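Student: Just dropping this structure here.
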Amino acid sequence: MPSLVQMSSAALLLILAVMLGGSHAQLSPTFYASTCANLNSVVTTALGQAVQSDIRAGAKIIRAHFYDCMVNGCDGSVLLDDDAENGIDSEKDEAPNQTLDYDIVDTIKTAVENACPGVVSCADILALASQIGVALAGGPTWQVPLGRRDSMDANAAGTAGIPSPFDTLDIQQRKFRDVGLDDSTDLVALSGAHTFGRARCATFSNRIGTDPSLDPTFSDVLAQICQGGANALTNLDTSTPDDFDNNYYTNLQNNRGLLQTDQDLFSTNGSSTVAIVNSFAASQTEFFDAFVQSMIKLGNLRPLTGTNGEIRTNCRRIN
């Protein structure tokens, strides 16, 4: 028979487990099974149509989800417009978010509202559409934990915690640690989302002709592209630009990472990230498995659940 001390210890451990796990204890892949059973197909159809007109749609969605989760957790705050009446200072106006595409989210939200009015949060749409966008591009699929609710406020100042293409590796790693993500595996795996999508010359032109970790031939190609100006776009992955695969990592091994933050994962001597890049370059399966785990971990960052927050009917403003 357990002693009182043992019983007290067990009770304490149970309380701690509830406290620590409570932030995402209510998230479940079957959260909408009875309230919006066709949610997956609705989002797949809407995003699939968006991809037909903009091949970057999936990459844009996953970027918005990541930026959302890095500020106050995965609560849809990144989608809110300025609203002086309700004291909302939008995150959209801050540098990291100025080039996010919010129209794609609106399109998916409209489709979801038509199917299941007032049921599915904008935060969950970002998480689910990220998975579907990856799968549509040939990447892995996974069961997305759902049940997030939407915040009723934004945090413009908090966008300073979003990784920048100009951050050193040390700063990237600190920003990941600050939100509870691993500064090696999660960082390298989630950076692998740069296997599809585009980037503006403004985010990498400072490297052209000056960075020894940039392949000289690739540097010349980028110089030609950037003659089109700071907003000229080029592929993040020049080998298979629209496919979700592990070629992003082989590009890093060949000094053809587009952003400095990407190349630093491989070119920083002594960093724990180098071996992980090599592992993912050697095995797409290993990359996919790690990416899925890191995406689930990302989506579990401080979500609002239960009666916290609300289910916005319009992702751009509170109800």
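The values are calculated or read from the model by the stated rules, or taken from the named source; none is laboratory data. All of these numbers come straight from a predicted model, not from anything done at the bench. Every residue, glycine among them, receives a Cβ derived from its backbone with ideal geometry; neighbour counts consider all protein chains shown. Heads up: the accessible areas ignore ligands, DNA and RNA and are worked out on the full protein's heavy atoms, side chains in. Shrake-Rupley method; radii C 1.70, N 1.55, O 1.52, S 1.80 Å.
Student: Tell me, please, whether a residue that is at pLDDT below 95 and open to solvent by 80 Å² or more (accessible area, probe 1.4 Å) can be found in region 34-48.
Tutor: The answer is no; no qualifying residue exists.
Student: Take Asn319 and decide whether it is under 21 Å from Leu126 (Cβ atoms) and open to solvent by less than 40 Å² (accessible area, probe 1.4 Å).
Tutor: Here the answer is no, as Asn319 does not meet what is asked.
Student: Further question: With the requirement that a residue be outside any loop (DSSP other than H, G, I, E, B), more than 30 Å from Glu85 (Cβ to Cβ) and open to solvent by 20 Å² or more (accessible area, probe 1.4 Å), what does region 129-166 give you?
Tutor: Ala135, Leu136, listed by residue number.
Student: Taking region 265-287 only, how many residues are surrounded by fewer than 20 Cβ atoms within 10 Å (Cβ to Cβ) and either assigned to a helix (DSSP H, G or I) or touching a strand residue (DSSP E or B) at 6+ places or on another chain (Cβ under 9 Å) (or both)?
Tutor: 8
Student: Could you figure out which of (1) in the same structural domain as Phe291 (by the TED database); (2) in contact with an Asp or Glu (Cβ under 9 Å, 6 or more places away or on another chain); (3) open to solvent by 20 Å² or more (accessible area, probe 1.4 Å) isn't true of Arg200?
Tutor: Here Arg200 meets the rest and fails (2).
Student: Somewhere in region 135-143, is a residue in contact with a Gly (Cβ under 7 Å, 6 or more places away or on another chain) and within 29 Å of Ala46 (Cα to Cα)?
Tutor: For region 135-143, residues in contact with a Gly (Cβ under 7 Å, 6 or more places away or on another chain) and within 29 Å of Ala46 (Cα to Cα): present.
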